[in-house]
Structures are given as C-alpha cells and as structure tokens.
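The values are calculated or read from the model by the stated rules, or taken from the named source; none is laboratory data. Keep in mind that this is a model prediction, so the values were computed, not measured. FYI the Cβ positions are ideal-geometry reconstructions off the backbone, even for glycines, and counts take in every protein chain you see. Surface accessibility is based on the protein's heavy atoms, side chains included, excluding ligands, DNA and RNA. Shrake-Rupley method; radii C 1.70, N 1.55, O 1.52, S 1.80 Å.
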Amino acid sequence: MPLPDLDDLIAEVDRTCDTAHRAATSQEQPDWLALLTTAAGVAGQLQALADDLVEDYVEHCRMHGHSWTDVGAALGVTRQAVQQRFQAPHKRYGPETMTDDLRRAMTHVKRAAVQHRNNYIGTEHLLWGLTAGTNSATRLLRSLEASPDDIHRAVGARFSVGASQAAERIAWTPYSRRAIAIAEERACAEDGEGAEPLIDCHHLLHGLARTGRGVAATVLAEAGLDLSAL
C-alpha cells in the first residue's frame, strides 16, 4: 500500500480547507491560518491512526505471551518506556461507579482472566462477563435478535490459556480501557447533568461495539450483529 507523500497531503489540505478557498476569491493570498488549522487536523488524524496501528500489534504481542521487555526491544525503547505508553494507569472504575448488574458481571470478568491464567483483561473477558447473566446488555442483544448464550459460548471458545500466576497484577488492555471510557461517556450522555452517572452493562456493550476492535467486536460481528446498531 503506497503511503501518501508530502505533496499528496498538501493537496488534501488545499482541497478540504473551504475557508481558505473562499478567502482566495477576494484576496491575493489564501488564508494561511485557516490552512494551518486544517493541516494540523490532518496531521492529528494521521498520528491517531499511526498510534492505533502500533497499539493493535502491542496488544496482540501481549495476548500471545510476549513480555514488556520483548515489546520494548521490538520498538527500540526500554521496558519502562513501553509500559508507560501502553500500560499507563487508566482511570479507576470502582464499584461505586457501576450498577449492581455491572458489578456482578465484573466478577465473571475477573474470574475468566484468573481461570485462564491471563495477565490481562481483554475485550473477550468483558463480553464474557456481560453475557454470564441477565442484565441490560443481554436484554439489548435479545432485542436485536441475538442469543446471549450463543455469544457467551463463542467468546469462551476464544480464550487462550496463559502462564500468569499473579491474579492481582491483571491489567486492562488498551481496547478494554477504551471500551469502558466510551461506556462512561454513554452513561453521562444518557443521564445528563446532575449526579455522577452509573455505568451499566448496556453501556459497556456499547463501548465494546464502538471500539470495533478486539475479540469482542469479532464475536459480535460473527453473531450477525451490526456493531453500529448497538
């Protein structure tokens, strides 16, 4: 796949900056500040895409047993540097931020990671927990004519057995952190202003769908669900 060169990017900025083009019709010079703003936006999109690309392969390396030292060596940085970037402490979501149903689901999430000796909580663990009992997520799935039990079995078949013995050191993967952050945003949007909103199971299911990557998204898509419908 050929990557865009600088001329391609400049042409894209020129094409998409409507303000600069309108200014050019009445002035000798285009609106350079408007062009700069557009160029910064394009650069930000490229950087975010590049970060997602690297993050995707880091997650797969970790899921398949490679240590942070291995990952750091592959990226040409130290173990500490790669951990700070990809295992930065995420916002703590304690029981007080969740509904009773989601707290019950999270016990299944942790149990699945421990039983499979995984040193991470991936999107598969989250989907497993959400479909382990009746809650707002399973009701949403049924409303979309999907079987929570079938999804539960399908995601269970995707678990891999690791070698971790340190259950207390389980870390969330980048995709899982993204899913819970989206879930919090969705809870805030539904509740509006006022008291601190509680994250419920359907919020987390929405987060898994919006993330669109990882085992959970694959299982949901294979179940015939349109992720955007979630």
Return yes when Ala217 is modelled with pLDDT of 90 or more and either assigned to a loop (DSSP other than H, G, I, E, B) or open to solvent by less than 80 Å² (accessible area, probe 1.4 Å) (or both) and no when it is not. yes
Residues of segment 216-230 that turn out to be out of contact with any helix residue (DSSP H, G or I) (no Cβ under 8 Å at 6 or more places or on another chain) and polar (S, T, N, Q), as a count: 1
Which pairs have Cβ atoms under 7 Å, sit 6 or more apart or on different chains, and link a residue in segment 42-59 that is modelled with pLDDT of 75 or more to one that is open to solvent by 40 Å² or more (accessible area, probe 1.4 Å) and not charged (D, E, K, R)? Val42/Leu9
Of the residues that make up segment 167-174, is at least one buried (at least 17 other Cβ atoms within 10 Å of the Cβ) and modelled with pLDDT of 90 or more? no
If you check Ala137, Ala73, Ala132, Ala113, which single one turns out to be modelled with pLDDT of 90 or more, among the small types (Gly, Ala, Ser) and open to solvent by less than 20 Å² (accessible area, probe 1.4 Å)? Ala137
Residue check, Gly65 against (1) surrounded by fewer than 14 Cβ atoms within 10 Å (Cβ to Cβ); (2) part of a helix (DSSP H, G or I), all met but one. Which one? (2)
Check segment 179-197 and report whether any residue there is touching a residue at least 40 places away in the same chain (Cβ under 8 Å), assigned to a loop (DSSP other than H, G, I, E, B) and within 18 Å of the chain's Cα centre (by Cα). no
Just to be sure, is Ser160 open to solvent by 20 Å² or more (accessible area, probe 1.4 Å), closer than 14 Å to Leu225 by Cβ and among the polar types (S, T, N, Q)? no
State whether one or more residues within segment 73-86 are out of contact with any strand residue (DSSP E or B) (no Cβ under 9 Å at 6 or more places or on another chain), not in a helix (DSSP H, G or I) and not aliphatic (A, V, I, L, M). yes
Residues of segment 127-155 being out of contact with any helix residue (DSSP H, G or I) (no Cβ under 7 Å at 6 or more places or on another chain) and farther than 18 Å from Asp200 by Cα, which ones? Glu145, Ala146, Ser147, Asp149, Asp150, Arg153
